[in-house]
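Worksheet for the structure shown next.
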Amino acid sequence: MRADSVEASSYFVTRNWYVGAMSSELGDKPLGRMICGRRIAFFRDPDGRAQAVAATCPHRGADLARGRVVGDSVECPFHGLRFNGSGVCTRIPSQDAEAPIPRALRVASYAVIEKAGFVWIWPEPNDAPTCEPELPEFLSYGAPWRLTCLPSGSLSAGSYLNAMENALDDAHLAFVHQATVPGASERVAPFKITTDTDRRGYGGVAEMASVVAESPAVADVATGSSVMDLLGRFAMENLKPTHKAYSYRLSGLVCITTTDASGPRDHTFAFFTPSDADHTYLFGGVARNHSLNPVADWLFKRYMPALTAEDSKILGELVPEAQGPGGLPNPFVIRADRQSFPFRRLYADALAAEGKTAPWALEGSAASDG
């Protein structure tokens, strides 16, 4: 059995649950993903259960995800060797059926759990998980809440560090997302960060009064025919948020909860999953109790890809020394970074618990109150 990428996996917490796929993505064919630097082949067994094994065939290096599912196994497209969900080779077609299959001929297997429409993977090979995946409560809210999820994951440019800090950063909205977040204030609302008691996440609440006064409602600036314009006119109901709550968990979950005078209105969320040193998967959606109509459903499904495409573009255009798993060496920390910078410490602590060292600066070159 061969490791896919020992070096790449050292950048990531691998004894942890991440979203590997949407349930709807697993059909009658294997699905290939690079997760935490490891090539994975997902497939369903005859009972419909999701399975995940290392995608590199140990015979000649073919990609098992390009093969086919036969019974309880995935079949290599090169020489037809088959491997079941436990990684055991179940067939070598070039030898007699009675001939023994070497016990050493196997691939790594990965623990998988399917819940709430997501396929979760524990990307430490041949390892027993120590906990269950964390499912945010809003995934199971009933009426009047409605959950709208993207049908598949998207692979975006940007290291896990850059993608996570970008998702937790409001200061870029007015510049990167002029098309999708029209009228966003250049200023970041005052907020207070609190670390979760289990030290597996953190959150904060921003009072929006100071910036909402500067920013017109979406519906007021949406006059064209783009997805965001249509969303503003038909889906956002002219919302005026009073508070915005941010939360991050080690599962890769980033959630932004918008509240107005009537209470919580929506939870916009994304599960970020490390792919390799320069790319990150995103699985997202929104739970809302407003704009409960098919037009809004259709628009929300198109809005998030438009938003993430803008993020992927800017992250992919960073100078080379700012890309990669460690981001920019010695970044200068400004006040707005207090919203995103705590991610570095929490993830670094989780890496240290696995005997790994974070590839990024933990404090930055300086901090500014200005």
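Each row is one residue, and each column tells you yes or no for (1) in contact with an Asp or Glu (Cβ under 7 Å, 6 or more places away or on another chain); (2) modelled with pLDDT under 95; (3) among the charged types (D, E, K, R).
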position	(1), (2), (3)
Thr273	no, no, no
Asn293	no, yes, no
Trp298	no, yes, no
Lys301	no, yes, yes
Ala306	no, yes, no
Ser312	no, no, no
Glu317	no, no, yes
Gly324	yes, yes, no
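Specify the residue that is surrounded by the most Cβ atoms within 10 Å (Cβ to Cβ); the eligible residues are those in the range 135-156 that are out of contact with any helix residue (DSSP H, G or I) (no Cβ under 7 Å at 6 or more places or on another chain) and in a strand (DSSP E or B). Result: Cys149. Here the range 321-343 is the region considered, the condition is being under 24 Å from the mean Cα position of the chain (by Cα) and among the aliphatic types (A, V, I, L, M), and the residue that is surrounded by the fewest Cβ atoms within 10 Å (Cβ to Cβ) is Ala322.
Selection of the range 59-83 for residues being over 24 Å from the mean Cα position of the chain (by Cα) and either among the basic types (Lys, Arg) or crowded, with 20+ Cβ neighbours inside 10 Å (or both) yields Arg60, Gly67, Arg68, Val69, Ser73, Val74, Glu75, Cys76, Leu81, Arg82, Phe83. Only one entry of Tyr303, Tyr281 meets the criterion of being among the aromatic types (Phe, Trp, Tyr), more than 30 Å from Ala8 (Cα to Cα) and in contact (Cβ under 8 Å) with a residue 12 or more places away in the chain, and that entry is Tyr303. Here is a check on your reading of the model: is Arg288 under 20 Å from Phe138 (Cβ atoms) and either in contact (Cβ under 8 Å) with a residue 60 or more places away in the chain or basic (Lys, Arg) (or both)? For Arg288, the condition - under 20 Å from Phe138 (Cβ atoms) and either in contact (Cβ under 8 Å) with a residue 60 or more places away in the chain or basic (Lys, Arg) (or both) - is met. Here Glu132 fulfils each of the conditions (1) surrounded by fewer than 18 Cβ atoms within 10 Å (Cβ to Cβ); (2) touching a strand residue (DSSP E or B) at 6+ places or on another chain (Cβ under 6 Å) apart from (2). Screening Trp145 on (1) touching a residue at least 24 places away in the same chain (Cβ under 8 Å); (2) assigned by TED's automatic domain parsing to the domain that holds Gly32 shows it passes everything except condition (2).
When the range 29-57 is filtered for residues that are of a type in the set (Lys, Arg) and under 21 Å from the mean Cα position of the chain (by Cα), the ones remaining, listed by number, are Arg33, Arg38, Arg39. Scanning the range 278-306 for residues that are crowded, with 21+ Cβ neighbours inside 10 Å and hydrophobic (A, V, I, L, M, F, W, C) yields Leu282, Phe283, Val286, Ala287, Ala296, Leu299, Phe300, Met304.
Before we move on, is Gly20 part of a strand (DSSP E or B) and crowded, with 22+ Cβ neighbours inside 10 Å?
Here the answer is yes, as Gly20 does meet what is asked.
Just so you know, in the range 157-178 the residues that are part of a loop (DSSP other than H, G, I, E, B) and within 20 Å of Glu321 (Cβ to Cβ) include one that is farthest from the chain's Cα centre (by Cα), and it is His172. The residues of the range 7-25 that are in contact with a Leu (Cβ under 8 Å, 6 or more places away or on another chain) and under 14 Å from Ala116 (Cα atoms), listed by number, are Ala21, Met22, Glu25.
Look through Ser154, Ser109 and report the one residue that is in contact (Cβ under 8 Å) with a residue 40 or more places away in the chain and within 18 Å of the chain's Cα centre (by Cα). Of the residues listed, the single one that is in contact (Cβ under 8 Å) with a residue 40 or more places away in the chain and within 18 Å of the chain's Cα centre (by Cα) is Ser154.
The values are calculated or read from the model by the stated rules, or taken from the named source; none is laboratory data. Bear in mind the structure is a predicted one, so any value in this text is a computation, not a measurement. Because the Cβ atoms are built from the backbone with ideal geometry, glycine has one as well, and the counts that use them run over all protein chains shown.
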